[in-house]
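J.: This structure is in structure tokens; I'll ask about it shortly.
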Amino acid sequence: MFRNPHVQAIMASNLLLQLGIWVRNFAILLYVTDITNDDPIYVSLISVAEFAPIFLFSFIGGTFADRWRPKMTMVWCDILSAVSVFVVLLTLVFGSWQSIFFATLVSAILSQFSMPSALKLLKRHVPEAQLQQVMAMFQTLMAIFMVIGPIIGTFVYQKYGIFVSIGVMGAMFLLSALALSFLPKDQPVDNASAEEKSVSREMKEGFAYVFRSKVLKTLGGTFALAGLAVGLVQPMAIFVATINLGMDKSFLQWLLMANGAAMLVGGGVAFAISKKVSAPKLLALGMFVGTLTTFVIGWSTNVPLTIGMQVLGGLFFPCIHIGINTIILQNTEESFVGRVNGVLNPMFMGMMVVGMSAAGAFLNVSSLLTVYAAAGFLFLAGTLTLVPIFNYKGGSNDAAPAPSPSIH
């Protein structure tokens with residue numbers, strides 16, 4: 001598995017992108033709170049700028065990822081993201097601070113073309129028995145950056161300012177494109193076959209594929225509920241530090257570090273459990289623990305208790321990530337991987353954007369506890385939707401399209 005050139009290149013790219021994204025996320029968050037005097041509306045808009053394009057472009061990106069050559073798609077997406085970052089740097093020089101959202105906006109759009117391309121390559125070149133191991137590797141990488149990312153992001157912004165922070169992001173995109181250039185050459189694309197069908201027709205086939213599958217359809221319902229829950233709490237994390245705990249906003253990095261350190265351990269635990277537990281049960285376990293920790297974090301004004309909940313959530317978060325990706329890859333044919341992601345991601349991202357858009361106003365008229373309690377109930381509802389597929393034995397053929405010349 002570690003000698004697989006596709007795994008090596010995609011892992012190297014992810015490492016570089018994680019570094020750039022964490023510097024970007026913390027730099028923009030701290031910069032906007034400095035500029036707006038901690039306005040919750042602007043803080044929530046940061047998340048909207050990051051995730052709204054994912055909802056709008058996920059299915060389009062997934063459809064084209066199924067038509068285009070994966071390596072070329074990923075390399076060009078990183079190059080174009082880097083270009084957009086340097087455009088933002090120019091606008092910042094001339095004093096337009098709101099343009100800071102544009103860097104996030106463009107990279108989020110382009111990621112919807114590159115991410116399904118990466119999954120398509122993994123589906124094609126990694127044996128199915130190793131897919132769960134590869135997902136665990138990516139989860140471990142995410143966990144590492146949950147630990148070191150906040151420290152690096154906060155340090156770069158506080159030491160060098162917003163210009164250097166955004167420049168680091170652009171440089172990481174360029175280095176990621178370089179890493180992906182070492183991928184083996186793309187397999188030839190059957191252009192004649194692709195041109196026989198319009199993009200809109202392929203989109204319809206993607207929706208039909210998902211709704212024919214009991215597992216994928218159930219996962220879509222879970223995605224919608226979980227997305228709304230995540231949307232409510234994502235922009236509010238900084239207020240857990242400032243309102244509930246009475247700390248400076250930079251204390252957020254320590255909460256995230258505690259969560260990330262636990263994720264490192266949790267990745268190994270989830271991998272061990274996943275050999276004995278079905279992917280739907282693994283996902284449900286992670287979401288149930290998320291229900292508990294969300295309630296307590298919203299209620300707690302005690303630093304050790306809040307950190308303890310961050311650790312508990314981090315230990316079980318890998319169950320969610322590994323469970324989702326394993327369910328999708330095991331229940332989807334290679335030719336539909338991009339479109340299945342394109343159908344399911346908007347269900348999650350669309351509701352997450354709704355939650356993020358409402359989070360600031362919700363906090364203004366209620367309390368942080370109310371916001372987190374509402375999110376906890378949504379996590380619980382999402383967990384319960386998975387019960388019908390706990391023992392389901394479906395596979396890639398579960399949603400196989402009916403024989404038709406238009407499909408084959």
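J.: Given H placed on each backbone N at 1.01 Å, which residues far from MET247 in sequence or on other chains put an amide H within less than 5 Å of it?
T.: THR242
J.: Ignoring trypsin sites (Lys or Arg not before Pro) that are buried or in helix or strand per DSSP, and keeping those with at most 10 other beta carbon atoms within 10 Å, what is the longest stretch of the chain between them? Provide the component values of the computation, followed by the final result.
T.: Details: sites that count: ARG3, LYS185, LYS275, LYS276, LYS393.
Counting at most 10 other Cβ atoms within 10 Å as exposed, the longest clean stretch of the chain is 4-184.
J.: Could I ask something else about it? Send over a whole-number figure in Å² for the accessible area per residue of the chain, probe 1.4 Å. Before the final figure, lay out the partial values.
T.: Details: 16770 Å² over 408 residues.
Averaged over the residues of the chain, the accessible area is 41 Å².
J.: Which percent of the Cα-Cα distances in the chain go past 39 Å? Mind dumping the intermediate values first?
T.: Values: 11781 of 83028 pairs.
Across the chain, Cα pairs with separations above 39 Å total 14 percent.
J.: Now a separate question. Holding the Cα-Cα limit at 30 Å, pick out from LYS159/LYS185; LYS185/LYS281; LYS214/LYS276 the pairs that are longer than that.
T.: Details: LYS159/LYS185 41 Å; LYS185/LYS281 38 Å; LYS214/LYS276 22 Å.
Pairs exceeding 30 Å: LYS159/LYS185; LYS185/LYS281.
J.: Among LEU105, THR33, GLN133, whose Cα projects farthest towards the positive end of the dipole of region 15-162, with charges put on the beta-carbon of Lys, Arg (+1) and Asp, Glu (-1)?
T.: Ranked along the dipole, the leading option is GLN133.
J.: Taking a 22 Å limit on the Cα-Cα distance, which of the listed pairs LYS71/LYS204; LYS71/LYS217; LYS123/LYS217 fall beyond it?
T.: Listed pairs above 22 Å: LYS71/LYS204; LYS71/LYS217.
The values are calculated or read from the model by the stated rules, or taken from the named source; none is laboratory data. What you see is a predicted model, and the numbers here were worked out from it, not measured in a lab. When we count neighbours, we look across all protein chains shown, and the Cβ atoms used for this are built from the backbone with ideal geometry, even at glycine. We work out accessible area using only protein heavy atoms, side chains counted, and drop any ligands, DNA or RNA first. Shrake-Rupley method; radii C 1.70, N 1.55, O 1.52, S 1.80 Å.
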